[in-house]
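See below for the structure under consideration.
The values are calculated or read from the model by the stated rules, or taken from the named source; none is laboratory data. Because the structure is predicted, anything quoted here is derived from the model rather than measured. With ideal geometry, Cβ positions are generated from the backbone for all residues, glycine too; neighbour counts draw on all protein chains shown.
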Amino acid sequence: IFASVELAPRDPILGLNEQFKADTRSTKVNLGVGVYYDDAGRIPLLKAVRQAETRVFEQAEPRNYLPIDGIPGYNTGARALLLGAGSPLIAEHRSLTVQTLGGTGALKVGADFLKQILPDAKVAISNPSWANHQALFATAGFPVVSYDYYDATTHGLDFDGLLASLRALPAGTIVVLHACCHNPTGVDPTLDQWREIASTLQVGQLVPFLDIAYQGFGDGIEEDAAVVRLFASMGMTMFISSSFSKSFSLYGERVGALTLVTSGDDESTRVLSQLKRVIRTNYSNPPTHGGSLVSTVLNTPELYALWADELSGMRDRIRSMRHQLVEKIQAHGVDQDFSFVKAQRGMFSYSGLTKPQVERLREDFGIYAVGSGRICVAALNSGNIDYVARAVAEVIKH
Ligand code: PLP
Ligand code: TYF
């Protein structure tokens with residue numbers, strides 16, 4: 001039965017990790033995958049998470065199956081981060097949240113449910129977008145099209161192109177939007193632009209699917225939820241996939257959530273029952289450990305405050321790396337203007353480096369970036385930034 005199975009292509013981002021591991025140069029730097037490293041080049045174990053883990057350990061709860069939709073306190077905590085704790089959508093039962101296996105799991109559960117209710121719809125994703133968006137929605141059975149987003153000449157948003165693309169989509173199209181810290185470009189619309197985007201979706205009867213995997217890495221935890229809250233304030237029903245992988249530095253625990261905004265209490269009840277069916281037939285119920293850590297942090301005020309503080313430290317460090325990178329490249333005599341890197345948000349920068357330049361960085365310097373020129377700014381640190389800036393200057397000048 002396996003004789004005709006073809007070799008699948010490697011994931012263009014995760015595949016880089018394997019290449020990086022095999023590289024024996026001590027100066028190598030991995031700017032590929034979207035993971036936050038601290039200034040010592042390590043993936044942090046947050047203090048808030050460690051303290052939560054101690055509490056969970058001491059409580060020594062038995063590991064029964066969780067409810068299909070996960071830990072109740074996890075779901076209410078995740079939802080409050082998105083909608084705001086005082087949101088009328090919570091009091092009026094116009095929203096519901098299920099614990100999922102990372103942000104990817106939220107997208108997948110959402111996609112499978114959407115296929116049931118909108119079987120003939122198309123899905124529109126930004127050009128460019130996180131590569132898994134295309135693959136995931138295609139695997140769920142949707143034709144996937146793209147909408148204009150990035151303008152390579154300005155290194156900014158192609159706002160006119162974006163609106164024109166959205167206006168051309170047929171009613172009922174599902175539109176995946178990065179609610180903050182766009183992956184891979186780091187380019188986000190302004191809040192005023194988001195208002196126009198939201199009303200374009202509303203007028204065109206398009207279905208918003210907001211993906212938010214980097215809440216807290218833009219301007220702050222509350223600030224980065226502004227787009228979600230804007231859509232909610234306009235009375236739009238929508239899908240929201242969120243992830244704690246990056247914001248809690250819990251990549252391997254698979255902590256995410258799918259939140260739906262509905263039109264009312266009765267709708268919420270029916271929708272939740274169907275989501276539970278999707279989950280049951282996929283993996284039955286989510287795992288306990290990561291969810292209990294996040295739930296403990298979100299529901300313990302002093303741990304929440306500690307987490308918020310640690311997250312703001314991560315955000316500030318990335319911002320400082322953006323500024324230093326631009327200055328250091330310039331100091332090496334590069335004329336090309338890189339100041340756009342400072343305006344980009346989140347972990348990534350679409351650096352404008354070409355494919356051959358990315359290849360030279362890898363071959364000559366052991367610096368790994370995604371072929372598109374995306375670099376993970378969160379992997380820069382005081383120990384490698386001079387080396388990276390010099391290498392970038394070198395491949396640009398020669
Ligand atoms: N959506 C975007 C835009 C991402 O960059 C990521 C990153 O991994 C995800 C979703 C998935 O999140 P998770 O790693 O929690 O599955
Ligand atoms: O874009 C990134 O680097 C992260 C991590 O298939 C990632 O979102 C990359 C590829 C992938 C899953 C996660």
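Can you run down the residue pairs with Cβ atoms below 6 Å, 6 or more apart or on separate chains, where the first is in the range 198-213 and without any contact (Cβ under 8 Å) to a residue 40 or more places away in the chain and on the phi < 0 side of the Ramachandran plot and the partner is within 16 Å of ligand 1 (Cβ to nearest atom) and assigned to a loop (DSSP other than H, G, I, E, B)?
From the range 198-213, the pairs are Leu210/Ala179.
Has the range 3-13 got at least one residue that is small (Gly, Ala, Ser), within 16 Å of ligand 1 (Cβ to nearest atom) and under 25 Å from Ala135 (Cβ atoms)? I'd like the intermediate steps shown before the answer.
Kept after step one, since they are small (Gly, Ala, Ser), are these residues of the range 3-13: 3-4, 8.
Within this subset, residues satisfying the condition of being within 16 Å of ligand 1 (Cβ to nearest atom) are none.
The answer is no, given that none of the residues of the range 3-13 is small (Gly, Ala, Ser), within 16 Å of ligand 1 (Cβ to nearest atom) and under 25 Å from Ala135 (Cβ atoms).
Kindly provide the set of residues from the range 286-339 that are of a type in the set (A, V, I, L, M, F, W, C), surrounded by 14 or more Cβ atoms within 10 Å (Cβ to Cβ) and without any contact (Cβ under 8 Å) to a residue 24 or more places away in the chain, ordered by number.
The initial filter retains those residues of the range 286-339 that are of a type in the set (A, V, I, L, M, F, W, C), namely 293-294, 297-298, 303, 305-308, 311, 314, 318, 321, 325-326, 329, 331, 334, 338.
With the extra rule that they be surrounded by 14 or more Cβ atoms within 10 Å (Cβ to Cβ), the set shrinks to 293-294, 297-298, 303, 306-308, 311, 314, 318, 321, 325-326, 329, 334, 338.
Scanning the range 286-339 gives Val326, Phe338.
Across the range 250-266, what is the total count of residues that are surrounded by fewer than 21 Cβ atoms within 10 Å (Cβ to Cβ) and assigned to a loop (DSSP other than H, G, I, E, B)?
3
Looking at (1) in a loop (DSSP other than H, G, I, E, B); (2) touching a residue at least 12 places away in the same chain (Cβ under 8 Å); (3) within 16 Å of ligand 2 (Cβ to nearest atom); (4) among the aliphatic types (A, V, I, L, M), find the lone condition where Leu16 falls short.
All conditions pass for Leu16, except number (1).
So which residues in the range 11-24 are surrounded by 12 or more Cβ atoms within 10 Å (Cβ to Cβ), over 19 Å from the mean Cα position of the chain (by Cα) and charged (D, E, K, R)?
Within the range 11-24, Asp23 is the sole residue that qualifies.
Restricting attention to the range 25-55, and to residues there that are more than 24 Å from the chain's Cα centre (by Cα) and assigned to a loop (DSSP other than H, G, I, E, B), which single residue is surrounded by the fewest Cβ atoms within 10 Å (Cβ to Cβ)?
At the first step, the residues of the range 25-55 found to be more than 24 Å from the chain's Cα centre (by Cα) are 25-28, 51, 53-55.
Checking which are assigned to a loop (DSSP other than H, G, I, E, B) leaves us with 25-28.
Values: Arg25: 9, Ser26: 6, Thr27: 12, Lys28: 17.
Selected residue: Ser26.
Checking the structure you have, find out if any residue of the range 93-107 is in the same structural domain as Thr281 (by TED's automatic domain parsing), of a type outside the set (Ser, Thr, Tyr) and over 28 Å from Ser249 (Cβ atoms).
We begin by selecting, within the range 93-107, every residue in the same structural domain as Thr281 (by TED's automatic domain parsing); these are 93-107.
When the remaining residues are screened for being of a type outside the set (Ser, Thr, Tyr), the result is 93-94, 96, 98-99, 101-103, 105-107.
In the following step, the residues that additionally are over 28 Å from Ser249 (Cβ atoms) were identified as 93-94.
Yes, that holds for at least one residue.
For Gly186, state whether it is crowded, with 21+ Cβ neighbours inside 10 Å and outside the structural domain of Val341 (by TED's automatic domain parsing). Give the steps one after another, and end with the answer.
Numbers: crowded, with 21+ Cβ neighbours inside 10 Å: yes; outside the structural domain of Val341 (by TED's automatic domain parsing): yes.
Taking the combined requirement at face value, the residue satisfies it.
Among the residues in the range 256-275, are any in contact (Cβ under 8 Å) with a residue 60 or more places away in the chain, touching a strand residue (DSSP E or B) at 6+ places or on another chain (Cβ under 9 Å) and under 19 Å from Val33 (Cβ atoms)?
Within the range 256-275, one or more residues are in contact (Cβ under 8 Å) with a residue 60 or more places away in the chain, touching a strand residue (DSSP E or B) at 6+ places or on another chain (Cβ under 9 Å) and under 19 Å from Val33 (Cβ atoms).
Of (1) among the hydroxyl-bearing types (Ser, Thr, Tyr); (2) farther than 29 Å from Gly371 by Cβ; (3) within 16 Å of ligand 2 (Cβ to nearest atom), Tyr214 satisfies all except one. Which?
(2)
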